[in-house]
1. If you plug each phi of region 116-132 into the Karplus form 6.51 cos²θ - 1.76 cosθ + 1.60 with θ = phi - 60°, what whole-Hz ³J(HN,Hα) values come out, in order, with x for Gly and Pro?
2. In sequence order, what are the phi-derived ³J(HN,Hα) couplings for region 361-372 according to the Karplus relation 6.51 cos²θ - 1.76 cosθ + 1.60 with θ = phi - 60°, rounded to whole Hz, with x for glycine and proline?
3. Assign unit charges at the C-beta atoms only (+1 for Lys and Arg, -1 for Asp and Glu), then state the dipole size of region 271-360 relative to its Cα centre in Debye, rounded to the nearest 20.
4. Counting just the Cα atoms, what span does the chain cover along each of its three principal axes? Round to the nearest Å and put the largest first.
5. For the cross-link pairs 326/360; 135/271; 135/277; 92/272, which exceed 31 Å when the distance is taken from alpha carbon to alpha carbon?
6. Please list 3J(HN,Hα) in residue order for region 84-94, calculated via the Karplus relation 6.51 cos²θ - 1.76 cosθ + 1.60 where θ = phi - 60°; whole Hz, with x for glycine and proline.
7. Could you work out the local net charge near residue 192, counting Lys and Arg as +1, Asp and Glu as -1, over the other residues with Cβ closer than 13 Å to its Cβ?
8. At residue 78 and residue 300, where each label point lies 7 Å from the Cα along Cα→Cβ, what is the point-to-point distance in nanometres?
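The values are calculated or read from the model by the stated rules, or taken from the named source; none is laboratory data. Here the structure is a predicted model, which is why all the values come from computation and not from measurement. Methodologically, a virtual Cβ is constructed for each residue, glycine included, from the backbone with ideal geometry; neighbour enumeration extends over all protein chains shown. Remember, those area values only see protein heavy atoms, side chains included, never the ligands or the DNA or RNA. Shrake-Rupley method; radii C 1.70, N 1.55, O 1.52, S 1.80 Å.
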Amino acid sequence: MSKTPHVIVVGAGAAGLAAAVELGRAGLSVTILEARNRIGGRMFTQRDPVCQAPIEFGAEFIHGLPPEIWEPMQARKLKIEEVSGEPWCFRKGRLSTCDFFDEVDDILKKMDDHAPDESFLSFLKRCCDPRDDPKKQESYERALAYVVGFNAADPDRVGVHWLVQGMRAEEQIEGDRAFRAANGYQDLLDVFCAELGGAAVEIQTEVVVSSIRWSRSGAEVVAIRASEAQMFSAERVLVTIPLGVMKASADDEGAVRFDPALPRTKLDALKKLEMGKVIRVTLRFKSRFWDTIPAPSIQRETLSDMGFLFSDDERLPTWWTTMPRKLPIMTGWAPFRCAERLSGQSESFVVDRCLQTLSKLLNIGIDQTTELLGAAYFHDWQNDPFSRGAYSYGAVGADGAQEALGRRVENSLFFAGEATDTTGHNGTVHGAIASGHRAAKEILHGLR
(Lines give C-alpha, C1' and ligand atoms only; values in the text may rest on other atoms or scores of the structure.)
Protein backbone atom coordinates (compact mmCIF):
# COMPACT_ATOMS: atom_id res chain seq x y z
CA MET A 1 0.00 0.00 0.00
CA SER A 2 1.15 3.52 -0.76
CA LYS A 3 2.21 5.58 2.23
CA THR A 4 -0.18 8.26 1.03
CA PRO A 5 -3.61 6.67 0.64
CA HIS A 6 -6.30 7.96 -1.64
CA VAL A 7 -8.66 8.35 1.33
CA ILE A 8 -8.28 8.61 5.09
CA VAL A 9 -11.32 7.51 7.09
CA VAL A 10 -11.55 8.84 10.63
CA GLY A 11 -13.44 6.29 12.71
CA ALA A 12 -13.92 2.52 12.38
CA GLY A 13 -17.59 2.38 13.28
CA ALA A 14 -20.32 1.11 10.97
CA ALA A 15 -20.18 4.16 8.70
CA GLY A 16 -16.41 4.18 8.34
CA LEU A 17 -16.18 0.45 7.70
CA ALA A 18 -19.02 0.50 5.17
CA ALA A 19 -17.44 3.38 3.27
CA ALA A 20 -14.02 1.71 3.30
CA VAL A 21 -15.51 -1.45 1.79
CA GLU A 22 -17.03 0.52 -1.10
CA LEU A 23 -13.87 2.54 -1.69
CA GLY A 24 -11.65 -0.53 -1.49
CA ARG A 25 -13.84 -2.39 -3.98
CA ALA A 26 -13.38 0.54 -6.37
CA GLY A 27 -9.63 0.13 -6.20
CA LEU A 28 -8.77 3.01 -3.87
CA SER A 29 -6.23 2.72 -1.08
CA VAL A 30 -7.75 3.59 2.29
CA THR A 31 -6.34 4.16 5.75
CA ILE A 32 -8.80 3.99 8.67
CA LEU A 33 -7.74 5.78 11.84
CA GLU A 34 -9.55 4.55 14.96
CA ALA A 35 -9.10 6.02 18.44
CA ARG A 36 -10.14 2.87 20.28
CA ASN A 37 -8.18 -0.37 20.54
CA ARG A 38 -10.91 -2.13 18.57
CA ILE A 39 -13.14 -1.55 15.56
CA GLY A 40 -16.92 -1.23 15.66
CA GLY A 41 -17.52 2.08 17.42
CA ARG A 42 -20.85 1.85 19.19
CA MET A 43 -21.12 -1.78 18.12
CA PHE A 44 -19.31 -3.52 20.95
CA THR A 45 -19.88 -7.24 21.51
CA GLN A 46 -18.26 -9.46 24.09
CA ARG A 47 -19.08 -13.04 25.03
CA ASP A 48 -20.26 -14.28 28.37
CA PRO A 49 -17.97 -17.22 29.25
CA VAL A 50 -20.65 -19.15 31.13
CA CYS A 51 -23.59 -18.94 28.72
CA GLN A 52 -21.35 -18.56 25.65
CA ALA A 53 -23.77 -15.87 24.53
CA PRO A 54 -23.09 -12.46 23.00
CA ILE A 55 -23.22 -9.54 25.41
CA GLU A 56 -23.84 -6.18 23.76
CA PHE A 57 -22.43 -3.05 25.32
CA GLY A 58 -23.84 -0.91 22.51
CA ALA A 59 -26.18 -1.69 19.62
CA GLU A 60 -28.13 -4.93 20.07
CA PHE A 61 -31.26 -5.07 17.93
CA ILE A 62 -31.65 -5.11 14.18
CA HIS A 63 -34.66 -2.87 13.68
CA GLY A 64 -36.86 -4.27 10.94
CA LEU A 65 -35.56 -5.52 7.61
CA PRO A 66 -32.95 -2.97 6.51
CA PRO A 67 -31.10 -4.25 3.42
CA GLU A 68 -27.84 -2.69 4.65
CA ILE A 69 -27.67 -5.40 7.32
CA TRP A 70 -29.80 -8.24 6.00
CA GLU A 71 -28.28 -8.57 2.52
CA PRO A 72 -24.62 -9.06 3.53
CA MET A 73 -25.53 -11.31 6.44
CA GLN A 74 -27.92 -13.46 4.43
CA ALA A 75 -25.32 -13.74 1.67
CA ARG A 76 -23.10 -15.44 4.26
CA LYS A 77 -25.99 -17.50 5.65
CA LEU A 78 -25.61 -16.01 9.11
CA LYS A 79 -28.40 -16.79 11.54
CA ILE A 80 -30.76 -13.95 12.49
CA GLU A 81 -33.56 -14.58 14.97
CA GLU A 82 -36.65 -12.48 15.61
CA VAL A 83 -37.13 -11.16 19.13
CA SER A 84 -40.15 -12.64 20.88
CA GLY A 85 -41.65 -12.90 24.33
CA GLU A 86 -44.50 -11.43 26.31
CA PRO A 87 -44.52 -7.81 27.49
CA TRP A 88 -45.32 -7.14 31.15
CA CYS A 89 -45.87 -3.86 32.92
CA PHE A 90 -45.25 -2.73 36.46
CA ARG A 91 -47.74 -0.07 37.48
CA LYS A 92 -49.41 0.97 40.69
CA GLY A 93 -47.03 -1.23 42.62
CA ARG A 94 -47.73 -4.51 40.87
CA LEU A 95 -47.20 -6.48 37.68
CA SER A 96 -49.89 -6.58 35.04
CA THR A 97 -50.40 -7.19 31.35
CA CYS A 98 -49.63 -4.26 29.02
CA ASP A 99 -52.67 -2.83 27.31
CA PHE A 100 -51.52 0.63 26.28
CA PHE A 101 -49.86 0.02 22.91
CA ASP A 102 -52.85 0.95 20.77
CA GLU A 103 -53.47 4.14 22.74
CA VAL A 104 -49.83 5.16 22.36
CA ASP A 105 -49.98 4.50 18.62
CA ASP A 106 -53.08 6.67 18.36
CA ILE A 107 -51.23 9.53 20.05
CA LEU A 108 -48.13 9.19 17.88
CA LYS A 109 -50.23 9.14 14.70
CA LYS A 110 -51.56 12.59 15.56
CA MET A 111 -48.13 14.13 15.01
CA ASP A 112 -47.99 16.15 11.78
CA ASP A 113 -44.79 17.14 10.02
CA HIS A 114 -46.70 19.58 7.79
CA ALA A 115 -47.57 21.77 10.78
CA PRO A 116 -44.93 24.04 12.34
CA ASP A 117 -42.37 22.00 14.20
CA GLU A 118 -42.55 21.72 17.98
CA SER A 119 -41.13 19.55 20.72
CA PHE A 120 -42.83 16.26 21.48
CA LEU A 121 -43.66 17.45 24.98
CA SER A 122 -45.30 20.58 23.59
CA PHE A 123 -47.28 18.48 21.12
CA LEU A 124 -48.36 16.06 23.84
CA LYS A 125 -49.59 18.81 26.14
CA ARG A 126 -51.43 20.54 23.31
CA CYS A 127 -53.14 17.56 21.71
CA CYS A 128 -53.60 15.03 24.46
CA ASP A 129 -54.22 16.80 27.76
CA PRO A 130 -55.47 13.99 30.00
CA ARG A 131 -57.04 16.35 32.56
CA ASP A 132 -58.91 14.13 35.06
CA ASP A 133 -59.17 11.01 32.91
CA PRO A 134 -57.00 8.26 34.49
CA LYS A 135 -56.98 6.18 31.29
CA LYS A 136 -55.85 9.12 29.17
CA GLN A 137 -53.30 10.01 31.82
CA GLU A 138 -51.72 6.58 31.53
CA SER A 139 -51.67 6.76 27.72
CA TYR A 140 -50.10 10.21 27.97
CA GLU A 141 -47.39 8.95 30.31
CA ARG A 142 -46.74 5.83 28.23
CA ALA A 143 -46.41 7.86 25.01
CA LEU A 144 -43.95 10.13 26.76
CA ALA A 145 -42.02 7.14 28.11
CA TYR A 146 -41.91 5.53 24.66
CA VAL A 147 -40.44 8.56 22.91
CA VAL A 148 -37.92 9.12 25.70
CA GLY A 149 -37.01 5.44 25.97
CA PHE A 150 -36.79 4.49 22.31
CA ASN A 151 -35.01 7.65 21.19
CA ALA A 152 -33.05 8.33 24.40
CA ALA A 153 -34.28 11.86 23.87
CA ASP A 154 -35.25 14.91 25.89
CA PRO A 155 -39.02 15.21 25.19
CA ASP A 156 -38.80 18.98 25.53
CA ARG A 157 -36.08 19.05 22.88
CA VAL A 158 -36.82 16.33 20.32
CA GLY A 159 -38.76 17.63 17.32
CA VAL A 160 -42.06 16.29 16.01
CA HIS A 161 -40.88 16.60 12.41
CA TRP A 162 -37.90 14.36 13.13
CA LEU A 163 -40.07 11.83 14.97
CA VAL A 164 -42.57 11.62 12.11
CA GLN A 165 -39.82 11.12 9.55
CA GLY A 166 -38.42 8.31 11.65
CA MET A 167 -41.80 6.63 12.06
CA ARG A 168 -42.39 6.82 8.31
CA ALA A 169 -38.98 5.27 7.63
CA GLU A 170 -39.62 2.46 10.12
CA GLU A 171 -42.88 1.53 8.40
CA GLN A 172 -41.03 0.95 5.13
CA ILE A 173 -38.78 -1.70 6.67
CA GLU A 174 -41.19 -3.22 9.22
CA GLY A 175 -39.33 -1.41 11.96
CA ASP A 176 -41.82 -2.55 14.59
CA ARG A 177 -40.11 -5.96 14.41
CA ALA A 178 -36.78 -6.57 16.11
CA PHE A 179 -34.11 -9.18 15.45
CA ARG A 180 -30.75 -10.31 16.78
CA ALA A 181 -27.82 -11.94 15.01
CA ALA A 182 -26.70 -15.23 16.53
CA ASN A 183 -23.37 -13.77 17.65
CA GLY A 184 -24.60 -10.24 18.09
CA TYR A 185 -23.21 -7.38 16.05
CA GLN A 186 -19.87 -9.17 16.04
CA ASP A 187 -21.32 -11.09 13.09
CA LEU A 188 -21.65 -7.86 11.13
CA LEU A 189 -18.14 -6.77 12.08
CA ASP A 190 -16.84 -10.12 10.84
CA VAL A 191 -18.62 -9.48 7.54
CA PHE A 192 -16.94 -6.09 7.24
CA CYS A 193 -13.54 -7.62 8.01
CA ALA A 194 -14.05 -10.30 5.38
CA GLU A 195 -15.06 -7.71 2.78
CA LEU A 196 -12.05 -5.55 3.64
CA GLY A 197 -9.68 -8.50 3.50
CA GLY A 198 -8.91 -8.34 -0.19
CA ALA A 199 -8.93 -4.56 -0.49
CA ALA A 200 -6.15 -2.01 -0.04
CA VAL A 201 -7.50 -0.92 3.34
CA GLU A 202 -5.30 -0.45 6.38
CA ILE A 203 -6.84 -0.10 9.85
CA GLN A 204 -4.78 1.61 12.51
CA THR A 205 -6.21 1.49 16.03
CA GLU A 206 -5.34 3.54 19.11
CA VAL A 207 -4.76 6.55 16.86
CA VAL A 208 -6.54 9.57 18.36
CA VAL A 209 -7.16 12.23 15.74
CA SER A 210 -6.82 15.71 17.22
CA SER A 211 -7.09 18.01 14.20
CA ILE A 212 -7.75 18.07 10.48
CA ARG A 213 -6.24 20.80 8.31
CA TRP A 214 -8.04 20.92 5.01
CA SER A 215 -8.00 22.86 1.76
CA ARG A 216 -9.35 22.43 -1.74
CA SER A 217 -6.44 20.22 -2.69
CA GLY A 218 -6.48 17.81 0.24
CA ALA A 219 -6.17 17.42 3.98
CA GLU A 220 -3.68 16.66 6.71
CA VAL A 221 -4.71 14.70 9.79
CA VAL A 222 -2.82 15.21 13.04
CA ALA A 223 -3.15 12.37 15.55
CA ILE A 224 -1.63 11.02 18.73
CA ARG A 225 -0.46 7.43 19.05
CA ALA A 226 1.37 6.14 22.12
CA SER A 227 1.89 9.75 23.25
CA GLU A 228 3.59 10.64 19.99
CA ALA A 229 2.23 12.97 17.33
CA GLN A 230 1.71 11.54 13.86
CA MET A 231 0.62 13.16 10.63
CA PHE A 232 -1.33 11.59 7.79
CA SER A 233 -2.24 13.18 4.48
CA ALA A 234 -4.62 12.40 1.65
CA GLU A 235 -6.54 14.21 -1.05
CA ARG A 236 -9.76 13.16 0.66
CA VAL A 237 -10.69 12.61 4.29
CA LEU A 238 -13.94 11.01 5.43
CA VAL A 239 -14.99 11.97 8.97
CA THR A 240 -17.30 9.45 10.67
CA ILE A 241 -16.95 10.44 14.33
CA PRO A 242 -20.15 10.44 16.43
CA LEU A 243 -22.27 13.55 16.80
CA GLY A 244 -21.29 13.91 20.46
CA VAL A 245 -17.63 14.16 19.48
CA MET A 246 -18.42 16.59 16.65
CA LYS A 247 -20.19 18.83 19.18
CA ALA A 248 -17.42 18.62 21.79
CA SER A 249 -15.40 21.69 22.71
CA ALA A 250 -12.00 21.91 21.06
CA ASP A 251 -10.13 21.24 24.30
CA ASP A 252 -12.24 18.22 25.32
CA GLU A 253 -10.62 14.79 25.24
CA GLY A 254 -11.27 13.07 21.93
CA ALA A 255 -12.44 16.26 20.18
CA VAL A 256 -11.36 16.96 16.62
CA ARG A 257 -10.44 20.50 15.57
CA PHE A 258 -10.90 21.64 11.99
CA ASP A 259 -8.59 24.19 10.38
CA PRO A 260 -10.06 26.25 8.88
CA ALA A 261 -13.29 26.01 10.85
CA LEU A 262 -16.19 24.17 9.29
CA PRO A 263 -18.69 26.22 7.26
CA ARG A 264 -21.40 28.04 9.19
CA THR A 265 -24.12 25.82 7.69
CA LYS A 266 -22.48 22.76 9.21
CA LEU A 267 -22.00 24.42 12.60
CA ASP A 268 -25.66 25.48 12.56
CA ALA A 269 -26.67 21.90 11.78
CA LEU A 270 -24.75 20.68 14.82
CA LYS A 271 -26.83 22.97 17.02
CA LYS A 272 -30.05 21.38 15.76
CA LEU A 273 -29.00 17.81 16.47
CA GLU A 274 -28.62 16.23 19.88
CA MET A 275 -26.96 13.12 21.27
CA GLY A 276 -29.26 10.85 23.23
CA LYS A 277 -28.23 9.52 26.63
CA VAL A 278 -28.48 5.88 27.67
CA ILE A 279 -27.05 3.55 30.27
CA ARG A 280 -27.72 -0.11 29.53
CA VAL A 281 -26.70 -2.85 31.94
CA THR A 282 -26.76 -6.56 31.17
CA LEU A 283 -26.98 -8.95 34.11
CA ARG A 284 -26.21 -12.64 33.84
CA PHE A 285 -27.72 -14.67 36.66
CA LYS A 286 -26.99 -18.17 37.87
CA SER A 287 -30.50 -19.20 36.87
CA ARG A 288 -33.64 -17.83 35.22
CA PHE A 289 -35.32 -17.10 38.53
CA TRP A 290 -38.27 -15.39 36.82
CA ASP A 291 -39.31 -18.79 35.45
CA THR A 292 -40.82 -19.48 38.87
CA ILE A 293 -42.39 -16.08 39.52
CA PRO A 294 -46.20 -16.35 39.23
CA ALA A 295 -47.69 -14.41 36.35
CA PRO A 296 -50.57 -12.03 37.10
CA SER A 297 -52.65 -13.54 34.30
CA ILE A 298 -54.88 -16.55 33.97
CA GLN A 299 -53.31 -17.22 30.55
CA ARG A 300 -49.79 -17.73 31.95
CA GLU A 301 -48.59 -19.53 35.06
CA THR A 302 -45.19 -17.82 35.34
CA LEU A 303 -43.04 -15.11 33.74
CA SER A 304 -40.96 -17.71 31.89
CA ASP A 305 -41.90 -16.24 28.48
CA MET A 306 -41.29 -12.62 29.49
CA GLY A 307 -39.70 -10.61 26.70
CA PHE A 308 -39.97 -7.03 27.99
CA LEU A 309 -40.78 -5.45 31.32
CA PHE A 310 -41.93 -1.81 31.34
CA SER A 311 -42.25 0.46 34.36
CA ASP A 312 -42.03 4.07 35.48
CA ASP A 313 -38.96 3.41 37.60
CA GLU A 314 -36.74 6.50 37.75
CA ARG A 315 -33.52 4.51 37.31
CA LEU A 316 -34.06 1.61 34.88
CA PRO A 317 -37.64 1.71 33.59
CA THR A 318 -37.26 -0.90 30.81
CA TRP A 319 -35.91 -4.44 30.91
CA TRP A 320 -35.72 -7.25 28.39
CA THR A 321 -34.66 -10.88 28.24
CA THR A 322 -32.96 -12.88 25.49
CA MET A 323 -36.21 -14.39 24.20
CA PRO A 324 -36.69 -16.56 22.25
CA ARG A 325 -33.43 -17.92 23.68
CA LYS A 326 -34.06 -18.79 27.30
CA LEU A 327 -30.84 -17.66 28.92
CA PRO A 328 -30.42 -16.35 32.48
CA ILE A 329 -29.71 -12.87 31.14
CA MET A 330 -31.63 -9.61 31.52
CA THR A 331 -30.78 -6.13 30.26
CA GLY A 332 -31.84 -2.89 31.92
CA TRP A 333 -32.31 0.33 29.92
CA ALA A 334 -31.94 3.79 31.44
CA PRO A 335 -32.63 6.63 28.96
CA PHE A 336 -32.28 10.43 29.30
CA ARG A 337 -32.77 11.54 32.94
CA CYS A 338 -32.40 7.95 34.13
CA ALA A 339 -29.03 7.77 32.38
CA GLU A 340 -27.98 11.09 33.90
CA ARG A 341 -28.59 9.63 37.36
CA LEU A 342 -26.30 6.67 36.64
CA SER A 343 -23.70 8.13 34.30
CA GLY A 344 -20.35 8.77 35.91
CA GLN A 345 -21.06 6.44 38.81
CA SER A 346 -18.96 3.42 39.72
CA GLU A 347 -19.81 -0.02 38.37
CA SER A 348 -20.76 -1.23 41.85
CA PHE A 349 -23.16 1.70 42.26
CA VAL A 350 -24.83 1.03 38.91
CA VAL A 351 -25.14 -2.71 39.48
CA ASP A 352 -26.56 -2.15 42.96
CA ARG A 353 -29.24 0.17 41.55
CA CYS A 354 -30.06 -2.43 38.89
CA LEU A 355 -30.58 -5.16 41.45
CA GLN A 356 -32.70 -2.90 43.63
CA THR A 357 -34.91 -1.98 40.68
CA LEU A 358 -35.30 -5.54 39.44
CA SER A 359 -36.10 -6.76 42.95
CA LYS A 360 -38.85 -4.17 43.24
CA LEU A 361 -40.34 -4.87 39.82
CA LEU A 362 -40.37 -8.64 40.27
CA ASN A 363 -41.23 -8.54 43.98
CA ILE A 364 -38.32 -10.62 45.18
CA GLY A 365 -35.77 -9.92 47.89
CA ILE A 366 -32.67 -7.93 47.09
CA ASP A 367 -30.61 -10.57 48.87
CA GLN A 368 -31.93 -13.17 46.45
CA THR A 369 -31.09 -11.21 43.30
CA THR A 370 -27.67 -10.34 44.70
CA GLU A 371 -26.95 -13.98 45.48
CA LEU A 372 -28.10 -15.08 42.02
CA LEU A 373 -26.04 -12.50 40.12
CA GLY A 374 -23.23 -14.10 38.16
CA ALA A 375 -21.85 -11.17 36.14
CA ALA A 376 -22.70 -7.62 35.10
CA TYR A 377 -21.74 -5.78 31.93
CA PHE A 378 -22.09 -2.11 31.05
CA HIS A 379 -20.34 0.77 29.32
CA ASP A 380 -20.89 4.45 30.10
CA TRP A 381 -21.17 5.93 26.60
CA GLN A 382 -21.80 9.42 27.95
CA ASN A 383 -18.38 9.49 29.62
CA ASP A 384 -16.65 7.77 26.73
CA PRO A 385 -14.63 10.55 25.03
CA PHE A 386 -14.94 8.82 21.66
CA SER A 387 -18.74 8.68 21.65
CA ARG A 388 -20.06 11.22 24.19
CA GLY A 389 -23.56 9.77 24.09
CA ALA A 390 -25.60 6.92 22.68
CA TYR A 391 -27.10 8.00 19.35
CA SER A 392 -28.46 11.12 17.70
CA TYR A 393 -31.88 12.72 17.40
CA GLY A 394 -33.25 15.84 15.76
CA ALA A 395 -34.30 18.81 17.87
CA VAL A 396 -37.08 21.24 17.00
CA GLY A 397 -36.27 22.89 13.69
CA ALA A 398 -33.86 20.16 12.61
CA ASP A 399 -35.33 19.83 9.11
CA GLY A 400 -32.39 19.54 6.73
CA ALA A 401 -29.80 19.40 9.51
CA GLN A 402 -28.71 15.83 8.78
CA GLU A 403 -28.16 16.67 5.13
CA ALA A 404 -26.18 19.79 6.02
CA LEU A 405 -24.04 17.88 8.50
CA GLY A 406 -23.26 15.22 5.92
CA ARG A 407 -22.55 17.60 3.05
CA ARG A 408 -18.98 17.53 1.77
CA VAL A 409 -16.70 20.53 2.03
CA GLU A 410 -14.94 21.25 -1.26
CA ASN A 411 -13.77 17.94 -2.70
CA SER A 412 -11.53 17.05 0.20
CA LEU A 413 -13.62 16.74 3.37
CA PHE A 414 -16.52 14.28 3.56
CA PHE A 415 -18.84 13.24 6.40
CA ALA A 416 -20.79 10.12 7.38
CA GLY A 417 -22.29 8.55 10.49
CA GLU A 418 -25.80 7.83 11.73
CA ALA A 419 -26.37 11.51 12.55
CA THR A 420 -25.90 12.37 8.85
CA ASP A 421 -28.46 9.87 7.56
CA THR A 422 -31.24 11.64 5.64
CA THR A 423 -33.66 8.72 5.27
CA GLY A 424 -35.12 8.78 8.78
CA HIS A 425 -32.88 6.07 10.20
CA ASN A 426 -30.77 8.17 12.57
CA GLY A 427 -29.64 6.33 15.65
CA THR A 428 -29.42 2.94 13.91
CA VAL A 429 -26.61 0.79 12.61
CA HIS A 430 -28.25 0.53 9.21
CA GLY A 431 -28.57 4.31 9.07
CA ALA A 432 -24.84 4.58 9.74
CA ILE A 433 -24.06 2.03 7.02
CA ALA A 434 -26.28 3.87 4.53
CA SER A 435 -24.45 7.12 5.28
CA GLY A 436 -21.12 5.38 4.67
CA HIS A 437 -22.34 4.13 1.30
CA ARG A 438 -23.54 7.63 0.42
CA ALA A 439 -20.22 9.23 1.36
CA ALA A 440 -18.24 6.61 -0.60
CA LYS A 441 -20.29 7.35 -3.70
CA GLU A 442 -19.63 11.07 -3.26
CA ILE A 443 -15.89 10.45 -3.03
CA LEU A 444 -15.88 8.22 -6.08
CA HIS A 445 -17.98 10.71 -8.05
CA GLY A 446 -15.47 13.45 -7.21
CA LEU A 447 -12.70 11.39 -8.80
CA ARG A 448 -14.35 11.37 -12.23
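1. These are the phi-based 3J(HN,Hα) values: x, 5, 7, 6, 4, 5, 4, 4, 5, 5, 6, 9, 9, 4, x, 6, 9 Hz.
2. Result, ordered by residue: 5, 9, 6, 10, x, 4, 4, 5, 5, 5, 5, 7 Hz.
3. Here the size comes out at about 300 debye.
4. Principal axes ranked by extent give 69, 52, 41 Å for the Cα atoms.
5. 135/271; 92/272, as the Cα separations exceed 31 Å there.
6. Each residue's phi maps through the Karplus curve to give 9, x, 8, x, 10, 10, 10, 8, 6, x, 8 Hz.
7. -3
8. 3.0 nm
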